[in-house]
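Derivation of every value follows stated rules applied to the coordinates shown; laboratory data play no part. Computed from a predicted model, the values in this text were never measured in an experiment.
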């Protein structure tokens, strides 16, 4: 059972890491994307908001993983 929980937490950790990477890339690439696609400034802000939402989601998931690991140890 402990192994199943560890695998589940590792899978959640990988998903959080991928979301952080995609959010970071989106935040960096937002000005470039809007320039290349010829979109107005509001779309650049939308990309930033999506990146912030991804970071917040990853933070919440990471804190949940940390809490589950601590509960499992003690």
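Based solely on its DSSP helices, what 222 nm [θ] is calculated for the chain when runs of n ≥ 4 H residues each add -39,500 (n - 2.57) and the sum is averaged over all residues, nearest 500 deg cm²/dmol?
Dividing the helical sum by the residues of the chain leaves -34000 deg cm²/dmol.
Helix 2-37 versus the longest principal axis of the chain: what angle, 0 to 90°, nearest 10, using Cα atoms?
Helix 2-37 sits at roughly 10 degrees to that axis.
Which residue, 37, 46, 63, has the most motion in a Gaussian network model of the chain that connects Cα atoms within less than 10 Å?
Taking springs between Cα atoms under 10 Å, the residue moving most is 37.
Compute the long axis of helix 41-73 from its Cα atoms, compare it with the longest principal axis of the Cα atoms of the chain, and write down the angle in degrees, 0 to 90, nearest 10.
10
List the relative contact order of the chain as a percent without decimals, with contacts defined as Cα pairs under 8 Å and 6+ residues apart.
Computed over the chain, the figure is 41 percent.
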